[in-house]
Every structure is written in structure tokens, then in C-alpha cells.
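The values are calculated or read from the model by the stated rules, or taken from the named source; none is laboratory data. All of these numbers come straight from a predicted model, not from anything done at the bench. Neighbour counts are summed over all protein chains in view; Cβ atoms, including those assigned to glycine, are modelled from backbone coordinates with ideal geometry. Please note that ligands, DNA and RNA were not included when accessible areas were found on the heavy atoms of the full protein model with its side chains. Shrake-Rupley method; radii C 1.70, N 1.55, O 1.52, S 1.80 Å.
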Amino acid sequence: MKRDFIDEVTWRGMVHDLMPGTQEHLNEGPRVAYVGIDPTADSLHIGHLVGVMMLRHFQLAGHKPVALLGGATGMIGDPSGKSQERNLLDEETLRHNQNALKHQLSKFLDFKTEDENSAQLVNNYDWMKDFSFLDFIRDVGKHITVNYMMSKDSVKKRLSSESKDGMSFTEFTYQLVQGYDFLHLYRTQDCTLQMGGSDQWGNITTGTELIRRIDQGKGFALTCPLITKADGTKFGKTATGNIWLDPDKTSPYKFYQYWINTSDEDAEKFIKIFTFLTKEDIEALVRSHKEEPHLRALQSKLADEITATVHSKEALEKAKEASQVLFGKSTEEDLAKLDEATFLDVFEGVPLKELNKDLLENGLDMIAALSAETNFLKSNGEARRALKENSISVNKTKVGLDYVLTESDLINGKYVLINKGKKNTYLIKFD
RNA sequence: GGGGAGAUACUCAAGCGGCCAACGAGGACAGACUGUAAAUCUGUUGGUUUUACCUUCGCAGGUUCGAAUCCUGCUCUCCCCA
């Protein structure tokens with residue numbers, strides 16, 4: 001029996017706004033829905049994941065999901081976003097990104113099924129590139145009034161005097177270009193639903209409006225809430241940047257760590273959105289977490305599930321092993337017990353710098369080891385500060401300003417493990 | 001085209017001739033406490049050969065013993081009027 005899509009995403013807390021009649025419409029039979037994704041990089045980051053999960057639930061309910069890459073719209077940037085000027089991607093880059101994204105999407109969506117509801121990937125660049133400006137304003141622009149466009153929140157905000165920046169004509173036009181995508185998919189794929197983040201509501205309704213006015217059709221809209229964290233910081237970002245799905249951009253270890261660090265407040269919300277666990281399973285987990293919060297069952301399950309899906313079971317195991325070594329009660333002796341292969345495996349993805357063993361002969365002072373020789377820290381001043389703050393440890397033992405690295409610090413005769421605080425790890429290999 | 005306001009470190013935002021590497025807030029990082037959570041308290045937050053020096057306050061010049069602060073030109077942004 002197919003699940004009811006709307007019921008499913010509703011209990012998961014993934015619905016922010018819903019056009020009336022959507023559920024009935026979907027229940028009438030298999031439908032087609034799409035989510036837009038900007039192909040500005042050759043990898044998705046976890047901020048994209050909500051939309052992807054929506055598509056997957058949609059597919060599981062027997063409908064056909066379409067992922068739309070905004071090759072055209074991505075060059076513009078909509079007015080509500082904090083996004084700065086976008087760069088025009090050349091076609092080669094665009095195709096490269098498209099392939100990479102498809103590979104990642106295929107971990108969630110089924111593209112190959114023989115069934116009607118195989119997922120599909122389209123790129124609006126393909127139908128926008130030859131659409132001339134004159135054609136566009138005649139065929140599309142004519143049907144929407146500026147008054148209508150100005151009533152959108154994203155536009156109003158930029159027009160109000162509180163806004164520090166003006167809005168370019170290009171940004172103003174964004175909703176029309178995006179709206180046209182919906183119309184195009186409506187015509188070519190019989191696509192009747194667009195989903196997206198709550199900030200997309202205005203753009204989506206411009207699309208349904210175009211469908212209504214030009215084709216006298218009916219399009220539907222569903223938005224999910226913006227994912228927020230309880231502490232107010234941006235979801236999916238760390239100081240060093242986005243959390244990417246690409247293992248070369250964000251190592252599986254770091255990826256795993258991001259999820260395991262989820263706060264209690266957020267964990268329950270996230271596990272509903274980012275895993276496919278059933279309602280019963282999640283409720284059981286929440287109960288056990290409340291009884292024994294220090295075990296962090298929720299965070300652990302969340303991190304396990306999503307790391308295994310995005311990367312692999314093997315990658316997950318390694319990430320957990322590394323976490324165990326780095327955050328468990330392990331000591332220098334434990335480190336020494338690891339053979340070299342395991343050792344390297346465990347620390348895969350940790351910044352590693354190779355240095356000449358000669359440096360150790362007269363001892364290598366910590367400031368040089370942290371900064372000058374390795375660039376782990378930006379400057380000698382920063383290294384000195386960190387040492388003064390008592391935040392540096394060598395092989396899991398705290399060291400001070402006067403510590404000097406010698407051969408006796410080497411693990412397996414080659415490695416030195418350096419930590420700054422609990423969460424930053426660096427590795428030096430002496431050859 | 002006319003008038004007005006503005007550009008300071010990651011962000012916001014003081015400073016308006018020396019005491020300014022630049023108040024304050026947020027963020028970030030670290031320490032304590034914990035559960036790799038939250039909250040809280042503490043410290044740090046341009047660089048170096050660190051009681052001193054160097055580079056930084058939109059850009060380029062100038063005045064001055066001395067400028068983020070004064071003058072000139074330029075660039076960019078916002079607002080109001082036409």
C-alpha cells in the first residue's frame with residue numbers, strides 16, 4: 001500500500017504551507033512534482049537535503065519526482081535571498097555540475113526504475129537558453145502585472161526604505177523566470193506541484209498564477225519550513241563553510257561529526273526530516289533519549305542513518321571509529337596500538353602535513369609545529385595564543401608554550417597527533 | 001538632472017587631529033562545568049623577532065610634528081525631488 005504523501009511529510013514537520021486541495025489532487029492518482037536546485041557547485045550541501053527528502057517521500061508515495069536544476073535561474077538570484085551576485089556559468093561547468101549532482105541525487109531518488117514514477121532531472125537552462133527577451137516578455141511577461149509582482153514579500157521588502165540595497169531589474173524579474181519553469185513543466189511533463197523552502201512560496205505562486213492565466217490550468221504549491229537551529233546559527237554551515245555531500249569537500253568524518261553534534265533541541269526535529277525511520281521508531285528513540293540523554297541516542301542514530309545514505313556503510317564505520325579514538329577515553333597508549341594502516345584510516349580527512357624528520361633532531365617547538373611549518377593555524381601569534389589558552393594537546397596530552405617535539409613523541413615512528421580543543425585535529429607525518 | 005546621507009576589522013556599530021590595532025554588541029575560537037548537547041562563567045579575537053615595531057578605518061593625493069578623524073579628486077551605495 002502506498003503511503004499518503006501529505007500525511008507523511010506532515011507528521012515529519014516538513015510542511016510549512018500548502019495550497020488548498022493539494023492532498024485531494026495527489027490522491028486522485030500518480031502526479032508529478034518538482035523541486036528546484038541551484039547548480040552553482042558540483043555538489044549538494046545538506047541545506048539541499050530537505051528538498052531532496054521531499055522528493056523521495058513523494059516518490060515512495062507512488063508519484064514522480066523531478067529535480068530541476070536552475071542553470072538559468074541560478075545565474076540570477078532571487079531578491080529574498082541573501083545571495084550575492086551570481087556568476088554566469090559556462091555550459092561546460094554547468095554540465096559537469098549537473099552530472100555530479102545527479103550522481104548524488106541518485107543516492108536518494110530512484111532514476112532507473114521502469115515504473116512510471118522514475119525520478120527525472122531537468123535543467124531549465126535547456127529551455128531558457130534560446131528563449132529571447134522579446135519572446136519572453138511577449139509570451140510570459142504580458143500575463144502578469146507589475147502590481148502582482150510587487151505584492152510579493154520578497155519584492156516589497158527590497159522596495160521598502162528599510163532595505164539598504166536597491167533591487168535590480170534582473171532580481172525583480174526572477175519570479176517570472178522561475179514561474180515560467182513551472183508552466184513549462186506543466187505543459188511538457190504534466191507537472192502540477194512545485195515544492196520548495198518557505199522562502200519560495202511567492203515564486204511558486206507566480207508559477208501557479210502563470211499556469212492559471214495562460215493555460216487555464218491548476219498548479220499546486222507546498223513549502224517546507226526553513227530549517228533552523230535552536231541556537232540561531234545557520235543550518236548546514238560551519239566556520240569553515242558548508243557541509244557538502246561530496247566526500248572530497250567534506251570528509252565523511254566531518255559529515256558524521258556535524259550530525260552527531262546536533263543539540264538536543266534540534267535532534268528530534270532533524271531525525272524526522274533527514275531519516276526515513278518510521279514514526280514508531282522515532283518516538284521510541286525520543287523516549288529513550290529523554291530517559292538517558294547522555295547517551296545521545298537521537299544524535300547517534302541521526303548521524304548513522306544519514307552518513308550511511310550519503311556516503312556508505314563503510315565510510316560510516318570509519319567515521320565512527322575515528323570519533324571513538326578522538327573523543328573516547330583513548331590515551332597515547334591506545335594510539336600507539338593502532339597499526340599504521342588503521343591509524344591512517346581512522347584519521348582520513350584530518351588535515352595532514354608531511355615534514356622532514358630532521359626537524360626533530362634538535363626538537364621542534366610548538367609554535368613552529370602549529371604554524372610556520374604546517375599552517376594549521378594562520379599565524380605564529382595565533383599558535384602562541386592557543387598554547388597560552390591551554391587548548392593544544394600532543395597525542396592527547398595538554399602541552400604548553402615551552403613544549404618541544406622530539407622523536408619520543410612519534411607514534412608508529414612517524415606521526416604526531418595534535419588537537420586544538422576537543423574538536424580540531426591535525427596530524428603531522430615525519431619522514 | 002537637483003538635493004541629502006553614507007562607505008571603519010567576520011557582521012552590526014562607535015570614534016570626528018595625538019591617550020587608536022581602533023569603544024561596544026553579535027559571531028567565532030578556547031578554558032571551566034557537562035553528555036562531542038544547551039545554558040552559564042572566564043579568556044582570546046590584524047601581523048611580527050610581542051613592554052617595541054609594521055600594515056590596516058572605500059581609492060588616490062594633500063595639509064600637519066602627528067590623520068580613521070581636516071582638505072581635494074575619484075569610485076561605489078542608499079534616500080528624497082524631477
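Things to note:
- Computed over chain A: relative contact order in percent, which uses C-alpha pairs under 8 Å that are six or more apart: 14
- The local environment of A:Leu245, defined by Cβ-Cβ distances under 13 Å, has a net charge of +1 under the rule Lys, Arg +1 and Asp, Glu -1.
- Full extension of the chain segment joining A:Arg138 with A:Asn27 gains 36.3 nm, where the gain is 0.36 nm per residue of separation less the Cα-Cα distance.
- Normalising the average separation of contacting C-alpha pairs (under 8 angstrom, six or more residues apart) by the number of residues puts the relative contact order of the stretch A:250-327 at 47 percent.
- A Cα-only calculation for the stretch A:195-301 places Rg and Dmax at 18.4, 58 Å.
- Largest mean-square fluctuation among A:Phe327, A:Phe274, A:Phe343, in a Gaussian network model of chain A whose springs join Cα atoms under 10 Å apart, belongs to A:Phe327.
- Residue-normalised accessible area of the stretch A:23-69, given per residue in Å² at a 1.4 Å probe: 27
- Cα-based shape type of the stretch A:109-231, given that a ≥ b ≥ c are square roots of the gyration tensor eigenvalues and the cut on a/c is 1.5: oblate
- Of the accessible area of the stretch A:250-327, computed with a 1.4 Å probe over protein heavy atoms only, carbon and sulfur atoms account for 50 percent.
- For the options A:Phe220, A:Phe347, A:Phe169, a Gaussian network treatment of chain A with springs between C-alpha atoms closer than 10 Å singles out A:Phe169 as fluctuating the most.
- Percentage, to the nearest whole number, of Cα pairs in the stretch A:5-224 over 20 Å apart: 58
- Each Cα pair of chain A feeds into the Kirkwood radius, which the Stokes-Einstein equation turns, at 20 °C and 1.002 mPa s, into a diffusion coefficient of 88 µm²/s.
- Each other residue within a Cβ distance under 9 Å of A:Glu265 adds +1 if Lys or Arg and -1 if Asp or Glu, for a net charge of -2.
- Each part gets one Cα centre, and for the stretch A:363-426 versus the stretch A:177-199 those centres are 54 Å apart.
- At a probe radius of 1.4 angstrom, the accessible area of the stretch A:343-430 per residue rounds to 49 square angstrom.
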